[in-house]
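What follows is a set of notes on a single structure, which appears directly below.
Taken together, the values in this text are just the output of simple stated rules run on the coordinates, not laboratory data. Note that the coordinates shown come from a computational prediction; the quantities given were computed from them, not determined experimentally. Every residue, glycine among them, receives a Cβ derived from its backbone with ideal geometry; neighbour counts consider all protein chains shown.
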Amino acid sequence: MSPLRRLVPRSVRGELMAGATVMIVALGLVAMGNIHHGLAELLRGELTHRGAAIGDLVADAGERMLLTGDEFALHRFLRDTVARNPDVSYAYVRDPGGRIRADSFPNGFPRALSAAHPPAPGRDMRLIETPEEGRIQDVSVPILDGRLGSVHVGMRESRVRGRIVALVVGWGGAAGLVLLAGLGAAYWLTAQFSARIERLIRFTEEVGRGNFDVPAADAGRDEIGRLSEAFGKMTGDLKRSQSDLVRAGKLAAIGELASGVAHEINNPLSTMGVCCQSLSARAASADLRRVPELADFPEYLAAIEEEIGRCKKITSGLLDFARRREPSRAPVQLNEVIRAALPLAGLRPGGAADAVELSLDEDLPPVFGDRDQLHQVFVNLLMNAMDSTPPGGRIRVLSQGHGGRVLARVVDEGPGVPPDSFERVFEPFYTTKRPGKGTGLGLAICRRIVESHEGTITAARAPGAGAEFSVELPAARAEA
């Protein structure tokens, strides 16, 4: 790298401006050079044409004067012609032998001029350099086809050069304005471009710091806009991947802890259950019931036995959550799984199978999954819906296929799920039910099962009231 580049920070904007400036200046110089050359050729050609026209006029007039021998009149005519035409430096008539018959020079004919343009047949033009007037076009026109000699008219190029300079200066000024306008436009465009690049850089820096919620840097439809859109999509994917990674690590840790806790708690629970059953059998004795202090002893034992059962249910849920059984896949009709789950949900206290309204797509394609695990998912969703729906309310179960996917929804008329809990309801031990009604593991297990089937499960607020849980699974491929 050159020392200049090490000293001066490089930027896209600076490089674009430098490139645009060099290109515009180069194009301007090339254009001005072409304009100058074209104007010079045009004006010189026009000067030669005028010289020939003046020569024709002098030749016509000089023919009569030469034939009559009136050389004095010819001298005067030549001087008048030079006086009337500012571009004409001189005029003279030479006979076929090269002798000067008349001229416009007041101080005598310069002999060097005759040698500068020797006699030539027909029309001719020679460029002559003079110390006084610079370049002169010496235009030669024959008189009477050359039999009487020729007329020479000297046309000054100094005036032409002055006109060329004036035109070039005018065109140069216009080109300068165009250059400034072009540089201004280039500055504005590069400013817009570099600003979008800067926003994209800040966006990537924020993402690099772990802020995945920063909005997309650019919404344009050009290449930068598409690049920004790709970065935004990548950021969303990174956020989901990070969330999935954190959740997977959390679930693995919770699962390991849950498995150990469940095994450690199950042993004393089993002992307590056996002791409680033994005490319950003894408490059934009529003699024991006649003792006033022990009259309510059976009720206490029943409460203890109920709580032991509840603890066993919790440990069973912990073991189910910790157990990661791979699904045994086969083509499964999801409508059949839903219908099979209804009786189990209806058998729960307060549940009623006739409170469920089915709207199932009978042309639903099969899914490739584990029937038992999917059955567990819908039993859990239906039980949750039954717990949430007040008496007289209804539960709707819908299924449909679209775009190679199968969607099933369970909609209840309960209090619904708060918007800030749409994701949290799938976390282990999180529940929106009142204390004692749930362990907070059912939906976590459902999510793990659905994701192991390459599907998604989401929670939302149902239209009007209630909660809506959606399970989306890929349809089975034909070869499956």
Cα extents of the range 328-474 along the three principal axes, largest first (Å): 39, 31, 27
Dipole axis of the range 328-474 (+1 Lys, Arg; -1 Asp, Glu on Cβ), positive-most option in V411, V425, L381: V425
Prolate/oblate/rounded call for the range 48-87, Cα gyration tensor, a/c under 1.5 rounded: oblate
Separation in nanometres of the label points that stand 7 Å from Cα toward Cβ, at R461 and R424: 1.6 nm
Ranked packing of 98-109, 173-184, most packed first, by mean Cβ within 10 Å: 98-109, 173-184
